[in-house]
There are 2 protein chains.
Amino acid sequence: MSSTADAKLNIKARVSSGPRGLAKHEIVDTAVRLIEEVGEAGFSVRKLGDRVGCDPMAILYHFKNKDGMYRAMADALVAKLSPVGSDQPWQDRLRAHARDHRALALRYPNTFPLLQRFLNTGVADFPHIEMVHRALADAGVPDQEAPAVCLAWYAGVIGLCAAEINGLVRPARASEVAEIEALPAAEFPVLRKLAPSYLALESQAVFEIANELFIRGLCGQPGRSPD
Amino acid sequence: MSSTADAKLNIKARVSSGPRGLAKHEIVDTAVRLIEEVGEAGFSVRKLGDRVGCDPMAILYHFKNKDGMYRAMADALVAKLSPVGSDQPWQDRLRAHARDHRALALRYPNTFPLLQRFLNTGVADFPHIEMVHRALADAGVPDQEAPAVCLAWYAGVIGLCAAEINGLVRPARASEVAEIEALPAAEFPVLRKLAPSYLALESQAVFEIANELFIRGLCGQPGRSPD
DNA sequence: CTGTGCATTTCTACAGTGTAGAAATGGCGG
DNA sequence: CCGCCATTTCTACACTGTAGAAATGCACAG
């Protein structure tokens, strides 16, 4: 019962290996939980192996490499996005989908940034893309522009979420406001005047405003259809 | 004159150390060049030490740690942004600043993503922020909304650039279009119809369209001033 | 000229990483 | 029972960031 004996026993137990159905989606789920606990810097295949209860290399057998595992984690995240009904006006459908992204980002702040690096490959979220395109069509976006607008929308939404996660979107600290107010008045009149209002900044409001701007931009299109 | 003698000489030269003014900005410039050559994954303090010609730890002496060095690299990047004159309409000022970001991103694709992670701390690009706020004021954005709109604008622009760098914004491959066209017609009518136009997608056009949407959104504001 | 302090650079060492390649395991069809 | 083979484990290697101690050489006091 000594600790060394226990260790030996554990090693013995692990030595008896062989196929045991290490399910891919369970690995990925555990990986997402782990990266949320320890951050991306602290996330390693070895720790994941400990958490899953197997050798690290058993995990990498199921993925091409660590990046392949990141891709799978990104896939798992977008799979969590809610479906969006088609019975609302197009503005509300876009709003709902955008807010869904933000909620996901706030819930999985360490996993979400993987979307930016790996969304391009493998993730094909066709139902949601179809929804976005229908909304854009309802908004009067001409077909030839629709792909560009759709991509711009996703890039913008994900970029906003990433900015918030990384702490770019937050109320200013008093010291920062002081720093701005110390700038020469002749060159920075507007910024100095606005500095105090940065103290009360709400990240959600930033997100909402960005959405409204985008939607208003679509409304202001030259040949849009009437609503 | 043998190579071994040269090597020995070099080692001797390196062993005789002491202060020699390792200028911070030179380290950072070299670091940016290096990361552009080898990518972020291949970038290490040791390689940078080789490149600079000093011990790796001599570099980390000037920065808190590797992340501190990344921050300095991000600072160096935003310092490369061009100033924007104030003699154009506000739309053109925003457009110019946005295009400047994109040009920077395309020129330094491996360094630019650092902005997303480290822009929040330390980088205070006050002249440009003043410019953006003046443009927003000219566009009729009320003071209380200006900080949110400004942050949303930056987050959107940087997000767009990041998306393009990471390959999200690119023409579709034929195989991808085929995959979409194989989807059930009943559920994906719009996406299927638009799929072929993804083949001709131009990343610059996506960027321009996103900008125009944002600007049109600002134009469409309730109480905007006349231009 | 001789210390001597000190910012700077170098050296050494350590704990940890991703993953290639070989070996072991154990369920399954013959 | 055997042998196959996907799967898992083990071992090893090159590499990472960086803590901590030692060395270095410049500036300046005496």
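The values are calculated or read from the model by the stated rules, or taken from the named source; none is laboratory data. What you are looking at is a predicted structure, and each value in this text was computed from that prediction instead of being measured. In this analysis, Cβ positions are derived from the backbone assuming ideal geometry, glycine residues included, and neighbour counts consider all displayed protein chains. Areas reflect the complete protein model, heavy atoms only, side chains present, ligands, DNA and RNA absent. Shrake-Rupley method; radii C 1.70, N 1.55, O 1.52, S 1.80 Å.
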Residue match in region A:73-84 (condition: within 13 Å of DNA strand C (Cβ to nearest atom) and either under 21 Å from the mean Cα position of the chain (by Cα) or loosely packed, with under 14 Cβ neighbours inside 10 Å (or both)): yes
Would you please name the residue that is farthest from the other protein chains (Cβ to nearest Cβ), looking only at residues in region B:38-72 that are small (Gly, Ala, Ser) and within 11 Å of DNA strand C (Cβ to nearest atom)? B:53
Tally, over region A:165-184, of residues that are assigned to a loop (DSSP other than H, G, I, E, B), under 30 Å from residue A:108 (Cβ atoms) and either more than 7 Å from every other protein chain (Cβ to nearest Cβ) or not polar (S, T, N, Q) (or both): 7
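Per-residue answers, yes or no, for (1) among the polar types (S, T, N, Q); (2) facing another protein chain (nearest Cβ under 10 Å):
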position: A:124; (1), (2): no, yes
position: A:131; (1), (2): no, yes
position: A:139; (1), (2): no, no
position: A:146; (1), (2): no, yes
position: A:154; (1), (2): no, yes
position: A:157; (1), (2): no, yes
position: A:186; (1), (2): no, no
position: A:190; (1), (2): no, yes
position: A:197; (1), (2): yes, yes
Against the condition charged (D, E, K, R) and more than 24 Å from residue B:211 (Cβ to Cβ), how does residue A:93 come out, does it pass? no
For region B:111-121, state whether one or more residues are buried (at least 16 other Cβ atoms within 10 Å of the Cβ), more than 10 Å from chain A (Cβ to nearest Cβ) and farther than 29 Å from residue A:205 by Cα. yes
Would you check which residues across region B:199-214 are in a helix (DSSP H, G or I), facing chain A (nearest Cβ under 8 Å) and surrounded by fewer than 22 Cβ atoms within 10 Å (Cβ to Cβ) and list them? B:205, B:209, B:212
Name the residues in region B:20-50 that are of a type outside the set (D, E, K, R), more than 14 Å from DNA strand D (Cβ to nearest atom) and modelled with pLDDT under 95, would you? B:23, B:25
Conditions (1) open to solvent by less than 30 Å² (accessible area, probe 1.4 Å); (2) at pLDDT below 95; number of the one not met by residue B:135: (2)
